[in-house]
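J.: Following this message is one structure expressed as C-alpha cells.
The values are calculated or read from the model by the stated rules, or taken from the named source; none is laboratory data. From a predicted model like this one, the values you see are computed outputs, not experimental measurements. So basically every Cβ, Gly included, is an ideal-geometry build from the backbone, and we count neighbours across all protein chains shown.
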Amino acid sequence: MDSPIGESVPKTSVAAPSVLTAAPRPRETSGLRAFGRRFMRARLAWVGLLIIVAFALMAIFAPSLAPYDPNKQSLTQLLQPPNAQHWLGTDELGRDILSRILYGARVSLSVGIISVGIALVIGVVLGLISGYFGGWTDTLIGRGTDALLAFPALVLALAITSALGPSLTNAMLAIGVVGIPIYVRLTRGQVLALKEREFVEGARVAGASSPRIIFRHILPNVTSPIIVQASLGVAFAVLAEAGLSFLGLGVQPPTASWGSMINTGKNYLEMDPWVAIVPGIAIFLTVLGFNFLGDGIRDALDPHLKL
Amino acid sequence: MGGYVIRRILVMLPVLFLVSVIIFMLIHLTPGDPALMMLGEEANPQALAALRQELGLDQPLPVQYAVWLGRVLRGDLGRSIRTNQPVTEAIGQRLPPTVELTLASLIVSLGIALPAGIVSATRRGSRADIVSTVGSLLGVSMPNFFLAVLLIFIFAYKLRWFPPIGWTPPWENLAENLRGLVLPAICLGAAAAAVVARLTRSSLLEVLGQDYVRTARAKGLRESKVIQGHALKNALIPVVTIVGLQVGTLLGGAIIIESLFSLPGIGKLVVDSIFQRDFPLVQGVVLFLALVFLGTSLLVDLLYAYLDPRIHYG
C-alpha cells in the first residue's frame, strides 16, 4: 500500500498583505474567486466529490438503504451469485453483500475522517508551536517527527495496533498517529515563512500574545495546504484501515468492513469471485474519490503545480 | 563528502534513539500485564514469573530500557517466546523471499514508470500521455491486496499461468521461483510505479522548459538527443529520492502481499508473530524494518548529493 501522506506536499503561495496591521490578514476575494473558477473547471475533482458524496450518503442512510441486516446469516443462501434478491450476492455465511458494503462504508469513512482528524489536530498544533517558537521546542518536535517518519507507514500502524489490540478504535488511533508527522512538517514550513511577515510583526508590536498570534493570525493562513493534505490523507487512511482489517487487525467480526470482506472473500475467489471483488471496488472508488478531490483542490490552489 | 556523510549519520543518532524508545515502549503499550497477554489467561504462575524475569518486566522501566538497548547494540534482539529461536536468526531465515520480492517489485515499478513518465512528458497531451496519467491516478488508488485478488482470479484461476500462492526457493527451482514471483511483484510494484511515473513526468516537463534545453534545441540537436543527453539526467535526480522513499512503502506493502500469497518472508513473520502475541519477535522485526528504511533514506541522500553537483555538502 502506498503512503500518499509522504508525498504531494503542496506548494501554496500566500500573498503578502499590503499594510502593516494587527488585524487578521483580510481574505483575498479575487484569489478565492480564482480558486473557485479553477475548481469549477477541474472535472476530476468534481467526479471525486460526487463519489465521496455518494459513499457518504450510503454510510449515513445505511439502515434505511440496506435490504437486509448486514450480520444476518442464512444457511440456505450461502455464496449466492448476484440475483434479484441479493443484488451483489451473498458471502460464505449467507450474509447479503450489498448490506455489508453499505454498513462497511460507515467504518471506512469514519476511520478515514476520525484518524485524519486526530493527525490533523495534533500535527497542526505541534507544527504551529514548532515553527513559531523555534529553538529547543522546534528541535524536540522535529526529532519526534523524524522518529515517526523512520518507520514505513503501515509497519508503524501495524506495530501500534498489535500493542493496543485489534479493534476499530485502535486502528483509528494507529492510523492517526502515523499521519501526524506530515501535518507537523507542512504547518511548520508555512509558519516559518509567515512569522516574519508584516502582519505578524504588526500583531506582535500591537502587544498580541503568542497564542493569539498563532491561532488568530497565522493559523488562518496555513489552512489551504492542510485541506489538500487532509483530502489525500483520508484516501491513505481508508487504504490503511482496509489493509489492517484485511490482515485481521482492524475491525473485528462480525462488523462489516471492506478490508475484512476481501480477506474472507479471497478464500472463495476461484468459484465465487464477487465476494472479494465487490468490496475491493468499493475501497478503490472511495480512495479514488479522495485522491481526485485532493488533486483538484491542489491544482485549483496552485495552478503552476501540475503533477 | 566524507564530512557530509559523518554529519548526516550524526543527525540520525537522536532519531535512532527515539526509534528505539518507541519500539521498546510497544510492549508496554499493551493494556494490562504484557506477560499475561503473551502467554494467555490460562498460563501458570511459574511460566508468567519466568517470562517476566526473562523480559525484565519486574525491573523499573529505565533499567529495562537500558538492558534491552544494551542487548540490541550487541546484536541480540532476544528470543521468540513461542519457538525460543533467536530473533536475528528468524529474521535471517525469512529475509530471502522479502529481498527477492522487494527487488522484483522495484524492477516492475521502474520498468513501467520510467518509460510511461518519459513518454507522457515528451508527448504531452497525446493519447499515450492521457493513458499514462489516468493509469497513474488509478494505480495510486488501487489497494495492492485488491489488485492481488483480481490478478489471482484472472491469471492463476482462470488462465492458470501462475500459481495463486506459495514460494519455491530459487536454489531449488529457479523457473518455478520466478513464476511464483510475477503476481506478487506486480501487485507490490504497481502503486510505486504510479507514484514514480507521475514524478518522472512532472520532473521531465520542468527540465524540458529550462533555458539549457532550449539552447540545446537551438543548436539544432535532434529531439531524442536533447532528451537523452541533456534533459533526462537532471530530470531523474528527484526520481532517485522518490524511488528510495518507495522502499519503505514496498516494505509495508510486502507485509500484506506476503500474507496474501503465503510467501514466508519478513512481512508474514511480523503478522504471524502479532497473532501469536510474540512481542520480542514483533519488536525485533519492526526494529529491523525501521533500520532498513532509515539506511535506505541515508543511502538515497548520499546518492542524491553525489548525483547532483549543484548540492554543496561542504
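J.: Taking into account only those residues within the stretch A:183-222 that are among the basic types (Lys, Arg) and under 14 Å from residue A:130 (Cβ atoms), which is surrounded by the most Cβ atoms within 10 Å (Cβ to Cβ)?
T.: So, considering only residues that are among the basic types (Lys, Arg) and under 14 Å from residue A:130 (Cβ atoms), the one surrounded by the most Cβ atoms within 10 Å (Cβ to Cβ) is A:188.
J.: Looking at the structure I just gave you, is residue A:245 closer than 20 Å to residue A:159 by Cα, more than 10 Å from chain B (Cβ to nearest Cβ) and polar (S, T, N, Q)?
T.: yes
J.: Is there a residue in the stretch A:18-27 that is of a type in the set (Val, Ile, Thr) and at pLDDT 90 or above?
T.: No, the stretch A:18-27 has no match at all.
J.: I've got another one for you. If residue B:113 satisfies every condition in (1) modelled with pLDDT of 90 or more; (2) on the phi > 0 side of the Ramachandran plot but one, which is the exception?
T.: The one condition residue B:113 does not meet is (2).
J.: Then there's this: May I ask you to list the residues in the stretch B:21-43 that are more than 15 Å from residue B:276 (Cβ to Cβ) and β-branched (Val, Ile, Thr)?
T.: B:21, B:22, B:23
J.: Which condition number does residue A:138 fail, the rest of (1) touching a helix residue (DSSP H, G or I) at 6+ places or on another chain (Cβ under 7 Å); (2) within 14 Å of another protein chain (Cβ to nearest Cβ); (3) within 25 Å of residue B:250 (Cα to Cα) being met?
T.: Checking residue A:138 against (1) touching a helix residue (DSSP H, G or I) at 6+ places or on another chain (Cβ under 7 Å); (2) within 14 Å of another protein chain (Cβ to nearest Cβ); (3) within 25 Å of residue B:250 (Cα to Cα), the one that fails is (3).
J.: In addition: Just one of B:198, B:214 is part of a helix (DSSP H, G or I), surrounded by fewer than 18 Cβ atoms within 10 Å (Cβ to Cβ) and out of contact with any Cys (no Cβ under 7 Å at 6 or more places or on another chain); which is it?
T.: B:214
J.: Return the residues of the stretch A:103-127 that are buried (at least 24 other Cβ atoms within 10 Å of the Cβ), under 13 Å from the mean Cα position of the chain (by Cα) and under 13 Å from residue A:186 (Cα atoms); say none if nothing qualifies.
T.: A:119
J.: Okay, moving on. Restricting to the stretch B:196-227, and then to whatever is among the acidic types (Asp, Glu) and farther than 24 Å from residue B:134 by Cβ, can you tell me which residue is farthest from the other protein chains (Cβ to nearest Cβ)?
T.: B:223
J.: Select from the stretch B:82-140 the residues that are more than 22 Å from residue B:267 (Cβ to Cβ) and of a type in the set (Asp, Glu) and list them in ascending order.
T.: B:129
J.: Collect the residues in the stretch B:1-16 that are among the charged types (D, E, K, R) and surrounded by 13 or more Cβ atoms within 10 Å (Cβ to Cβ), keeping them in residue-number order.
T.: In the first step, residues of the stretch B:1-16 are kept if they are among the charged types (D, E, K, R); the result is B:7-8.
The one that is among the charged types (D, E, K, R) and surrounded by 13 or more Cβ atoms within 10 Å (Cβ to Cβ): B:8.
J.: May I pose another question? Scan the stretch B:264-297 for residues that are surrounded by fewer than 24 Cβ atoms within 10 Å (Cβ to Cβ) and more than 11 Å from chain A (Cβ to nearest Cβ) and report the count.
T.: Summing the residues that are surrounded by fewer than 24 Cβ atoms within 10 Å (Cβ to Cβ) and more than 11 Å from chain A (Cβ to nearest Cβ) in the stretch B:264-297 gives 2.
J.: Restricting attention to helices (runs of 4 or more DSSP H) lying wholly within the stretch B:220-314, give those where 3 or more residues are hydrophobic (A, V, I, L, M, F, W, C), touching a residue at least 40 places away in the same chain (Cβ under 8 Å) and over 30 Å from residue B:37 (Cα atoms).
T.: Counting at least 3 such residues, we get B:232-261, B:279-307.
J.: Separate question: Go over the candidates A:235, A:256, A:240, A:276 one by one and state the one that is over 30 Å from residue A:199 (Cα atoms) and assigned to a loop (DSSP other than H, G, I, E, B).
T.: Just a single option satisfies the conditions, and that option is A:256.
J.: Does residue B:300 fit the bill of being within 16 Å of the chain's Cα centre (by Cα) and at pLDDT 90 or above?
T.: When the stated conditions are applied, residue B:300 does not pass them.
J.: Another question about this same structure. Can you confirm whether residue A:190 is part of a helix (DSSP H, G or I), over 29 Å from residue A:107 (Cβ atoms) and of a type outside the set (Asp, Glu)?
T.: Against the criterion (part of a helix (DSSP H, G or I), over 29 Å from residue A:107 (Cβ atoms) and of a type outside the set (Asp, Glu)), residue A:190 qualifies.
J.: Within 30 Å of residue B:168 (Cα to Cα), modelled with pLDDT of 90 or more, out of contact with any Ser or Thr (no Cβ under 6 Å at 6 or more places or on another chain) and small (Gly, Ala, Ser): which single residue out of B:92, B:78 fits that description? Working first, answer last.
T.: Working: B:78 fails: modelled with pLDDT of 90 or more.
Answer to the check: B:92.
J.: So, one more: If we keep just the residues of the stretch B:130-151 that are over 22 Å from the mean Cα position of the chain (by Cα) and free of Cβ contacts under 8 Å to residues at least 40 places away in the same chain, which is farthest from the other protein chains (Cβ to nearest Cβ)?
T.: Restricting to residues being over 22 Å from the mean Cα position of the chain (by Cα) and free of Cβ contacts under 8 Å to residues at least 40 places away in the same chain, the top hit is B:131.
J.: Go through the stretch A:197-241 and count every residue that is under 15 Å from residue A:187 (Cβ atoms), away from every other protein chain (no Cβ under 14 Å) and touching a residue at least 40 places away in the same chain (Cβ under 8 Å).
T.: 16
J.: Do you know which residues across the stretch B:97-123 are surrounded by 15 or more Cβ atoms within 10 Å (Cβ to Cβ) and within 26 Å of residue B:225 (Cβ to Cβ)? Lay out the reasoning, then the answer.
T.: We begin by selecting, within the stretch B:97-123, every residue surrounded by 15 or more Cβ atoms within 10 Å (Cβ to Cβ); these are B:97-98, B:100-102, B:104-106, B:108-110, B:112-114, B:116-122.
If the condition is that a residue be surrounded by 15 or more Cβ atoms within 10 Å (Cβ to Cβ) and within 26 Å of residue B:225 (Cβ to Cβ), then B:110, B:112, B:113, B:114, B:116, B:117, B:118, B:119, B:120, B:121, B:122 are the ones that fit.
J.: Could you look through the stretch B:228-261, keep only residues that are of a type in the set (Ser, Thr, Tyr) and touching a Phe, Trp or Tyr at 6+ places or on another chain (Cβ under 9 Å), and pick out the one that is nearest to the other protein chains (Cβ to nearest Cβ)? Working first, answer last.
T.: As a first pass, look at the stretch B:228-261 and keep what is of a type in the set (Ser, Thr, Tyr): B:241, B:249, B:259.
Narrowing further to those that are touching a Phe, Trp or Tyr at 6+ places or on another chain (Cβ under 9 Å): B:241, B:259.
On the way: B:241: 11, B:259: 6 Å.
My answer is B:259.
J.: If I go through the stretch B:48-95 residue by residue, how many of them are in contact with a Pro (Cβ under 9 Å, 6 or more places away or on another chain) and crowded, with 16+ Cβ neighbours inside 10 Å?
T.: 11
J.: Pull up the stretch B:156-181, narrow it to residues that are part of a helix (DSSP H, G or I) and within 12 Å of chain A (Cβ to nearest Cβ), then point me to the one that is surrounded by the fewest Cβ atoms within 10 Å (Cβ to Cβ). Walk me through how you get there before you give the answer.
T.: Initially, the stretch B:156-181 is screened for residues part of a helix (DSSP H, G or I), giving B:156-158, B:174-181.
Retained after the next criterion (residues that are within 12 Å of chain A (Cβ to nearest Cβ)): B:156-158.
Details: B:156: 18, B:157: 13, B:158: 11.
Among those that are part of a helix (DSSP H, G or I) and within 12 Å of chain A (Cβ to nearest Cβ), it is B:158.
J.: Do you know which of the residues in the stretch B:20-41 that are surrounded by fewer than 14 Cβ atoms within 10 Å (Cβ to Cβ) and at pLDDT below 80 is nearest to residue A:150 (Cα to Cα)?
T.: Once the filter is applied, the top-ranked residue is B:28.
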